[in-house]
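Structure first, commentary second.
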Amino acid sequence: MAQREITDFNGVVMLRKDYRERDMLVKILTDRFGKKMFFIRGARKRGFRLAAAILPFTHGTFIGDVRPEGLSFINAAKEYRQWQSISQDITLNAYATYILNLIDVAFPDGQPLERWYEQTQLALRYIDDGFDPQIITNIMEVQLLQVFGVAPHLESCVVCQRTDLPLDYSQSYGGVLCQQHWSLDPYRFHGSARAIYLLRLFSIIDLRKLNSITVKPATKQDLKRMIDRIYQDSTGLALKSKHFIDEMANWDGLLKRD
């Protein structure tokens, strides 16, 4: 018989789906047990007592029967609230969903995530508090690359380790090249100096110490182009939530032209 542990834990509701006629499966990112799928009996009934606690983007303290294998169970919830801005704004919702999707595919269920629980909580809180959702998401993307088995060399030139010359990113060399070695890769990203600087900064920045960050639209677009290409060429991920974000950018372009 699987070991049971009735305990309390902090968590973020990642996703949920209907199960059978009246029940629901809810995946929660927990601070102690990693990602766990919980079976919620009667969750689809009118007036269900935990209805507000299991809404997407709700975070708080849960009490449940956590099992190492199979489905776990939630008995109660306390001190929980939903990130309101994220839940009410389609753009913020899209970025927050993508971040949770990245965490979901980066780690197996049940694996303790150590700093990544706090990192994800901070990212969602910043987005809800009004920080630029693309920039917060870009930071998460860059720092998650290592988890996906991609470790771009961003500290210095891959060839000579210099940092005192202009740098550009080379997919072929798996990192940045200084201007002296740009000729080695004619297909380097040709990123702007500011975008390259931010790409390197994002790999080491501590979200806990982030106070504010403002990036010009042109630099944001350049960052997006580079990070998208690294992900496409190196991870093979094709998440629906990322596609939706890209589609929203197309909507904005159409609206501006109209």
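We did not get these values from a lab; they are worked out from the coordinates using the rules stated. No experiment lies behind these values; they were computed from the predicted model shown. In this analysis, Cβ positions are derived from the backbone assuming ideal geometry, glycine residues included, and neighbour counts consider all displayed protein chains.
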If you take the square roots of the eigenvalues of the alpha-carbon gyration tensor of region 5-82 and sort them as a ≥ b ≥ c, do you get rounded (a/c under 1.5), prolate (a/b over b/c) or oblate? oblate
Students often get this wrong, so check it: of LYS17/LYS240; LYS220/LYS242; LYS45/LYS240, which have C-alpha atoms separated by over 18 Å? LYS45/LYS240
Ranking HIS181, HIS243, HIS153 by Cβ neighbours within 10 Å, fewest first, what do you get? HIS243, HIS153, HIS181
Per 0.36 nm of contour for each residue apart, how much would the distance between GLU247 and ALA51 grow if the chain were fully extended, relative to their Cα-Cα spacing? 67.4 nm
Per residue of region 191-202, in order, report the coupling 6.51 cos²θ - 1.76 cosθ + 1.60 (Karplus, θ = phi - 60°) as ³J(HN,Hα) in whole Hz, putting x for Gly and Pro. x, 5, 4, 5, 5, 5, 4, 5, 4, 5, 5, 4
Rounded to whole Å, √(5λ) for the Cα gyration tensor eigenvalues of region 1-137, largest first, gives 24, 18, 13
LEU210 to ARG20: FRET efficiency via 1/(1 + (r/R0)^6), r the Cβ-Cβ distance, R0 41 Å, to the nearest 0.05? 0.45
Volume per residue that the Cα convex hull of region 67-224 spans, once the total is divided by residue count, Å³: 147
How much length is gained on full extension from ARG41 to PHE73, taking 0.36 nm per residue of separation minus their Cα-Cα distance? 10.7 nm
Which angle between 0 and 90 degrees, to the nearest 10, do you get for helix 115-129 versus the longest principal axis of the chain when only C-alpha atoms count? 90
Filter the trypsin sites (Lys or Arg not before Pro) in region 141-197 down to the DSSP loop ones having no more than 15 other Cβ atoms within 10 Å, then list what survives. ARG162
Using a 10 angstrom cutoff on alpha carbons, build the Gaussian network for the chain and name the most mobile of GLY236, GLY11, GLY34. GLY236
Note, ³J(HN,Hα) from phi for region 47-60, Karplus 6.51, -1.76, 1.60, rounded to Hz, x at Gly and Pro: x, 4, 5, 9, 4, 6, 6, 10, 6, x, 6, 8, 9, x
